[in-house]
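Provided herewith is a single structure, encoded as structure tokens, for subsequent inquiry.
Every number in this text was worked out from the coordinates using simple rules, so none of it is lab data. Keep in mind that this is a model prediction, so the values were computed, not measured. In this analysis, Cβ positions are derived from the backbone assuming ideal geometry, glycine residues included, and neighbour counts consider all displayed protein chains.
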Amino acid sequence: MRVLAALSGGVDSAVAAARAVDAGHDVVGVHMALSRNRDQFRSGSRGCCSIEDSNDARRAADKLGIPYYVWDLSDEFHDLVVKDFLNEYAAGRTPNPCVRCNEHIKFDTLLERAETLGFDAVATGHYARIVIREDGVRELHRAVDIAKDQSYVLAVMGPEKVAQSMFPLGDMASKAEVRAEAAARGLGVSNKPDSYDICFVADGDTKGFLQRELGEQPGEIVDESGSVVGAHQGAYAYTVGQRKGLGIGRPAADGAPRYVTGVDTARNVVTVGPETLLSVSTLRGEEAVWLAPDVPADTPVPCEAQVRAHGATTPGTVVRDGDTMTVELDEPMRGVAAGQSLVVYAGTRVLGQATLASRRV
Amino acid sequence: MGTHYFDHAATTPMLDAARDALMAHMGLVGNPSALHAAGRAARSVVDEARETVADALDAHPSEVLWTSGGTEADNLAIKGLYWARQRADARRTRIVVSAVEHHAVLEPAEWLAHEHGAHLVLIPVDGNGVIDLAALEREIAAHTSQIALISVMWANNEVGSIQPVAQVASLAAPHGIPVHSDAVQAVGHVPVSFQESGLTALSFSAHKVGGPVGVGGLVVTRTERLEPVTHGGGQERQIRSGTLDAAGFAATAAALRWAVDAVPAESARLRELQAQLVERIGAAVPEAHLSGAPLGEGRLPGNVHVCFPGADPDALMFMLDSHGIEASTGAACSAGVHQASHVLLAMGRSTADAASTMRFSLGHTTTQDDIDALIAVLPEAVERARRVHSV
């Protein structure tokens with residue numbers, strides 16, 4: 001197969017590309033430039049976007065003896081990921097930009113380009129497994145290394161894109177094993193630090209980034225009875241379930257900690273209340289994608305729901321109806337914000353994904 | 001898969017004569033500035049090469065300053081001339097250059113403007129990328145006593161348009177304003193005579209004519225004062241310090257000798273291939289259009305710069321390279337990310353148009369087979385690159 005290996009400049013994508021080469025594929029390395037004005041050196045825990053990262057990617061391609069190109073997807077990234085991130089926060093929702101990047105950039109723009117230019121598949125360094133069944137159905141599963149599993153941010157890609165993707169690291173036992181393999185292959189990035197921050201927030205300060213981009217909008221923090229208990233510089237910067245950084249001087253009557261229970265950016269009001277108000281037992285998702293054609297879920301199907309990357313799962317049942325998805329939880333979940341990605345699993349298998357619309361108490 | 005090299009304007013394969021000269025002198029012992037026999041022998045190689053280069057460029061040997069290449073020569077010309085003129089007359093703050101100069105001229109000029117109080121004046125070009133002489137004349141008339149220097153390239157590296165440098169020099173001459181020309185793309189490709197040009201200074205580079213990378217030079221009239229940019233042991237008329245690279249200079253001289261002698265025959269041969277390539281691209285991809293001066297005396301014989309409207313440059317580059325066609329995207333490249341070319345923008349092209357371009361540059365190894373190979377893969381490459389862009 002002709003395989004396009006996406007090379008971020010990190011150790012995971014380098015080893016994934018190496019494994020695609022070993023598997024006998026005709027591999028070409030592509031580094032996506034996601035910003036027009038890139039820093040010279042990597043800083044902090046950002047995982048991409050500096051010139052140093054593209055040099056690391058090129059050196060990995062050199063070692064593997066594969067061609068290497070930089071493709072400029074900065075306009076697409078800005079329009080489909082960064083703008084979406086800001087719009088979502090401005091609308092009082094809590095977006096996951098990595099999910100959007102996988103949806104729009106890696107498994108849409110990049111994959112379509114690859115297809116147009118004659119590739120059969122795209123290989124990335126994501127930790128997830130694709131299991132091809134005898135009936136041809138491709139199941140997306142959690143990685144063997146649960147600690148590194150990225151199926152949560154990949155589920156959004158949907159079934160067609162799964163068929164065109166390869167995740168060669170899905171069966172690695174641990175990141176340490178990936179690093180050891182990189183070192184054994186002589187890849188210079190074997191000791192490169194992991195990345196975990198949002199790549200386009202240069203200093204890791206998301207709140208500061210939002211304030212710079214959206215402007216300060218002073219407003220009130222109220223409690224569940226409507227009395228003003230504090231002030232904020234922009235309701236958009238708050239997330240349902242948030243406890244820290246509220247800056248409320250006066251304690252609640254019962255002395256219990258207060259949490260953000262509502263964000264209303266139209267009125268620029270943040271509502272706080274006791275933890276009990278955060279509990280939800282039904283999750284409603286929109287823009288659903290379904291990866292299990294053999295499990296239509298038109299009647300309730302047992303599942304485990306996850307609403308945060310690396311978050312815990314909660315058992316329940318899921319019903320899918322067109323592009324909406326409803327999960328009735330066996331036990332309440334708390335801290336669920338609109339805009340978050342809802343992924344439902346059956347064991348390690350991803351059934352479907354949707355974006356949380358609203359919460360029901 | 002064989003490869004077909006269409007990037008001679010970026011660097012051209014080394015000529016046998018240059019390689020032989022380089023190898024023959026690599027083992028040479030002795031610093032050319034030393035006074036013993038080994039030093040004298042090395043110095044003799046340096047000066048022999050200097051004389052050859054001077055002869056090839058129609059200059060006097062003492063007018064040739066060796067540098068590490070075209071970029072250093074341009075920096076030395078712009079900064080050296082500016083500082084020398086500034087020292088003589090502090091009112092001379094204007095640096096006048098064409099809008100389509102190479103970055104090796106634009107960047108030092110911008111740096112002087114930013115850091116040293118200079119005033120950078122960009123003279124516009126027409127739709128073919130040729131400097132507007134009337135605008136230059138107006139600038140000279142309006143600011144005669146404030147101009148420190150003028151710099152206009154001999155031939156444009158992107159679109160191949162040849163500039164009227166002799167006319168520029170004659171406009172400046174009555175006012176004693178020094179004129180520099182970056183002739184990196186012209187030397188060895190079209191006739192270049194320093195003597196007849198009327199220029200004050202001229203930059204050249206070895207690897208653009210089949211010599212080694214890392215060698216070039218600045219030809220400067222003997223009467224012109226230049227402030228040094230690199231300070232040290234005082235080599236090269238106290239203007240450009242650094243141990244002299246005898247083997248590199250010998251190889252450069254060999255390459256320049258061959259390239260300049262070959263200009264009549266090679267330019268005729270390349271102009272034929274160039275005309276054929278332009279015609280066949282037009283037939284294969286009807287929407288494609290040539291940028292820069294029309295074919296003929298006003299354009300470099302090896303330059304074919306084409307706009308493919310609506311084609312994604314990354315995809316076009318990928319498709320051609322994966323079929324062994326080695327060419328440049330017409331856009332400037334910063335670590336793999338294209339920036340709209342200042343040359344095309346100065347010529348009045350839209351940003352979108354300026355992005356969808358390729359530069360095919362022909363040279364001494366180019367054959368009919370290369371042209372055929374390019375035409376064989378181009379239509380499909382453009383078609384796919386266009387589909388990518390419209391995704």
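Could you compute the longest span of chain B free of trypsin sites (Lys or Arg not before Pro) located in DSSP loops and having at most 15 other Cβ atoms within 10 Å, not counting the site residues? List each step's numbers first, then the result.
Numbers: sites that count: B:R91, B:R222, B:R225, B:R237.
Of all site-free stretches, the longest is B:238-391.
In cubic angstrom, how much convex hull volume per residue do the alpha carbon atoms of chain A span? Could you put the intermediate results ahead of the total?
Values: hull volume 51.8 nm³, N = 361.
Measuring per residue, one finds 143 Å³ for the Cα hull of chain A.
Rounded to the nearest 10 degrees, what's the angle between the helix B:246-284 long axis and the longest principal axis of chain B, both from Cα atoms, 0 to 90?
Compared with the principal axis, the helix lies near 20 degrees.
In addition: From the C-alpha coordinates alone, can you work out the Kirkwood hydrodynamic radius of the range B:88-193, in Å?
Values: mean 1/r = 0.0717 Å⁻¹.
Computed over Cα pairs of the range B:88-193, the Kirkwood hydrodynamic radius comes out at 13.9 Å.
Take the Cα pairs of the range B:205-303, get the Kirkwood Rh, then feed it into Stokes-Einstein at 25 °C and 0.890 mPa s and tell me D in µm²/s.
Working: Rh = 16.9 Å.
The diffusion coefficient I find is 145 µm²/s.
Further question: Could you work out the Kirkwood radius for chain B, taking every pair of different alpha carbons, averaging 1/r and inverting it, reported in Å? Let's see the in-between values first.
Numbers: mean 1/r = 0.0462 Å⁻¹.
About 21.6 Å for chain B.
Okay, moving on. Counting just the Cα atoms, what span does the range A:68-154 cover along each of its three principal axes? Round to the nearest Å and put the largest first.
In descending order, the Cα extents are 46, 33, 24 Å.
Same structure, new question: Find the Cα radius of gyration of the protein assembly as shown, compare it with 2.2 N^0.38 Å by division, and give the number to two decimals.
Details: Rg = 32.0 Å, N = 752, 2.2 N^0.38 = 27.3 Å.
Against the compact-globule rule of thumb, the ratio is 1.17.
Could I have the simple spin-label model distance between A:D75 and A:T324, label points 7 Å from Cα toward Cβ, reported in nm to one decimal?
It is 3.7 nm.
Defining a contact as two alpha carbons under 8 Å apart and six or more residues distant in sequence, what relative contact order in percent does the range A:216-273 show?
This gives 38 percent for the range A:216-273.
Additional query: Mind checking the dipole of the range A:164-245: about its Cα centre, +1 per Lys or Arg Cβ, -1 per Asp or Glu Cβ, Debye to the nearest 20?
Details: 8 positive and 12 negative charges, 71 e Å.
With Lys and Arg at +1 and Asp and Glu at -1, about 340 debye.
From Cα pairs below 8 angstrom and at least 6 apart in sequence, can you work out the relative contact order of chain B, rounded to a whole percent? Walk me through the numbers on the way to the answer.
Details: 818 pairs, mean separation 90.8, N = 391.
Reported as a whole number, the value is 23 percent.
In addition: If you take the Cα atoms of the range A:2-191, find Rg, then find the Kirkwood Rh from the mean of 1/r over all pairs, what is Rg/Rh?
On the way: Rg = 16.1 Å, Rh = 16.9 Å.
Rounded to two decimals, Rg/Rh equals 0.95.
How about the range A:190-233: which GluC sites (Glu not before Pro) there lie in a loop by DSSP and see at most 15 other Cβ atoms within 10 Å? Don't skip to the end; give the middle numbers.
Working: sites: A:E213, A:E216, A:E220, A:E224; in loops: A:E216, A:E224.
Loop-located and lightly packed - A:E216, A:E224.
Report the Cα centroid-to-centroid distance between the range A:222-273 and the range B:190-260 in angstrom, as an integer.
So the separation of the two Cα centres works out to 71 Å.
With respect to the cross-link table entries A:K106/A:K207; A:K83/A:K161; A:K161/A:K207; A:K83/A:K244; A:K106/A:K175; A:K63/A:K83, which display a Cα-Cα separation exceeding 31 Å? Let's see the in-between values first.
Values: A:K106/A:K207 26 Å; A:K83/A:K161 24 Å; A:K161/A:K207 33 Å; A:K83/A:K244 26 Å; A:K106/A:K175 22 Å; A:K63/A:K83 36 Å.
Going by Cα-Cα distance, A:K161/A:K207; A:K63/A:K83 fall outside the 31 Å limit.
Can you tell which of B:G188, B:G127, B:G232 shows the greatest fluctuation in a Gaussian network model of chain B with Cα springs below 10 Å?
B:G232
In the range B:163-203, whose amide N lies under 16 Å from the spot 7 Å out along Cα-to-Cβ of B:T223? List them in ranges.
Counting only backbone N, you get B:169-180, B:195-201.
Please state the equivalent ellipsoid semi-axes for the range A:216-273: what are the square roots of 5 times the Cα gyration tensor eigenvalues, largest first, in whole Å?
Details: eigenvalues 60, 24, 21 Å².
Semi-axes, largest first: 17, 11, 10 Å.
Given only helices, namely DSSP H runs of n ≥ 4 each adding -39500 (n - 2.57), what is the per-residue ellipticity at 222 nm of chain A, to the nearest 500 deg cm²/dmol? Could the numbers behind the result be given before it?
Numbers: 10 runs with 76 residues, N = 361.
Value at 222 nm, helices only, nearest 500: -5500 deg cm²/dmol.
How high is the relative contact order of chain A, in percent, with contacts defined as C-alpha pairs under 8 Å that are six or more residues apart? Mind dumping the intermediate values first?
Values: 816 pairs, mean separation 57.6, N = 361.
After rounding, I find 16 percent.
If the elastic network links every pair of Cα atoms under 10 Å, which of B:M317, B:M26, B:M14 fluctuates the most in the Gaussian network model of chain B?
Per the Cα network of chain B with a 10 Å cutoff, B:M26 tops the list.
Amide H neighbours of A:G230 under 5 Å, counting only residues 5+ apart in sequence or on other chains, H built in-plane at 1.01 Å?
A:I221
Which far-off residues, 5 or more places away or on another chain, put their amide H under 5 Å from the one on A:Y69, with H placed in the peptide plane?
Correct list: A:G29, A:V30, A:H31.
Sticking with this structure for a sec: Okay, helix-only estimate at 222 nm for chain B: each DSSP H run of n ≥ 4 adds -39500 (n - 2.57), divide by all residues, round to 500 deg cm²/dmol; what do you get?
Working: 12 runs with 168 residues, N = 391.
The helix-only estimate for chain B comes to -14000 deg cm²/dmol at 222 nm.
Here is a further query. Just to confirm the number: angle between the C-alpha axis of helix A:11-22 and the first principal axis of chain A, 0 to 90 degrees, nearest 10?
With rounding to tens, the tilt is 40 degrees.
Another question, then. For peptide A:109-118, what's the mean number of Cβ atoms from other chains within 10 Å of each residue's Cβ? Spell out each step's value before the answer.
On the way: counts 2, 0, 0, 3, 10, 1, 3, 12, 11, 5.
Mean partner shielding for this stretch: 5.
Could you tell me what a quarter of the Cα convex hull surface of the range A:249-361 works out to, in nm² with one decimal place?
Numbers: hull surface 33.3 nm².
Spelled out: convex hull of the Cα atoms, projected over all directions, averaged, 8.3 nm².
Turning to a different aspect of this structure: Estimate the FRET efficiency between A:A346 and A:R212 by the formula 1/(1 + (r/R0)^6), using the beta-carbon distance for r and 35 Å for R0, to the nearest 0.05.
0.25
Turning to a different aspect of this structure: Taking the range A:250-303, which trypsin sites (Lys or Arg not before Pro) meet the DSSP loop condition and have no more than 14 other C-beta atoms within 10 Å? Each step should come with its number before you reach the end.
Working: sites: A:R258, A:R267, A:R284; in loops: A:R258, A:R267.
Answer in residue order: A:R267.
Between the DSSP loop rule and a limit of at most 14 other Cβ atoms within 10 Å, which trypsin sites (Lys or Arg not before Pro) in the range A:69-146 are left?
Passing sites in the range A:69-146 are A:R133.
Could you tell me how many degrees, from 0 to 90 and to the nearest 10, lie between the Cα long axis of helix B:368-390 and the main elongation axis, the longest principal axis, of the Cα atoms of chain B?
The two axes meet at around 70 degrees.
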